[in-house]
Amino acid sequence: MPVDPEYQPEPRVPVGSVPKIDFAAGMLQPERLQVLAAGGVATARLSMQLELSGMRLPDSKPVMPAVIVARPEYTLEALPVLPVVSERARQIYARGLARGMNPHAFSKIGDCMSVAPYFLAPFDVGLQRYNLGPYSKLQATIDFYDGSFGRKSLAVSTGFTITAAFSPMWSDASICGAEESPLGCEVRVHRPSIALLLLGTNDAYNGAFFGASMQRAIDFLVTRGILPVLATKADNLEGDDHINKIIIGLARDNQLPLWNFWRATRALPGYGLVSDSFHLTFAKNRFNDREALKTGWVVRNLTALQTIDAVRRGLDAP
């Protein structure tokens, strides 16, 4: 479900109340939320009452590559919806800015759940296409990344898989080089400082290769100074959530921001999915509408925007 409109990813700061959707009563109820963000490593527990608490762990050393740390709490159920920005993430971002990446640009790498005009695009169209309601502070992030929300990514397509991201067969021949991959083309053309890595649904039956291919994509982005933001998916086409488990493991091992979209959909009717069990239910992006906040697409766009906002603020934090 959506996270508190007052959310601030600052270290050890209580961040107010979380809108809790009570679907039986059709009401929004406040729950208390506190996020303790640590430099580099953080853990969190989420109770059945959606109360979030965390523990500050020792700061990670400013080195690359990431140091792998075992965390029993690093599960789909325990992880919060919104990410914590590690020290390593700040290093990647800073290196990208030094190499000329655009601090006001982010890229999307994804499948049909990331296509325009549905995913994030309304935020570039104008207020006639969205209403932030109690989340009005997110407008600053919309303004900061103006142009990236509605832009057609060269690395997003229906049916896209992580393997397709590296295949020139999926590239737009009118823009990309003959041997250029969609991922490489998108990075070259847009020069983002952040990349949302939003894949997994079409890889549900290819799990043996998914983890290694995702790590390849992460390495491709990181070596260019682009900060990958990983995301879990709402569906479970594979039956045992192993794709999501791979994703959260990669986020942990690489110390990258994770948007736990899976967690955001657990309280939605049908987990925010239509009868095919992977496409999202739809409504207009009215974040002041209780009924709209019961649909998969509205919660996807809201929590994606909150994630981008949390990453932006986390990167700016001292």
- Message: Name the single residue that is surrounded by the fewest Cβ atoms within 10 Å (Cβ to Cβ) among those in the range 242-287 being aromatic (Phe, Trp, Tyr), out of contact with any strand residue (DSSP E or B) (no Cβ under 7 Å at 6 or more places or on another chain) and in a helix (DSSP H, G or I).
- Response: TYR271
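Select from the range 184-214 the residues that are among the acidic types (Asp, Glu) and over 12 Å from ASN244 (Cα atoms) and list them in ascending order. Spell out the reasoning first.
Initial filter on the range 184-214 (among the acidic types (Asp, Glu)): 186, 203.
Across the range 184-214, the qualifying residue is only GLU186.
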- Run LEU230 past the list (1) over 15 Å from the mean Cα position of the chain (by Cα); (2) surrounded by 21 or more Cβ atoms within 10 Å (Cβ to Cβ) and report the number of the one that doesn't hold. (1)
- A careful count of residues in the range 93-145 that are in contact with a Gly (Cβ under 6 Å, 6 or more places away or on another chain) and of a type in the set (Ser, Thr, Tyr) gives 0
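Quick note: the coordinates plus some simple rules give every number you see, no bench work behind them. On a predicted model such as this, the values are computed, not experimentally measured, just so you know. Don't worry about glycine lacking a Cβ; one is built from the backbone with ideal geometry, like all the others, and counts go over all protein chains shown.
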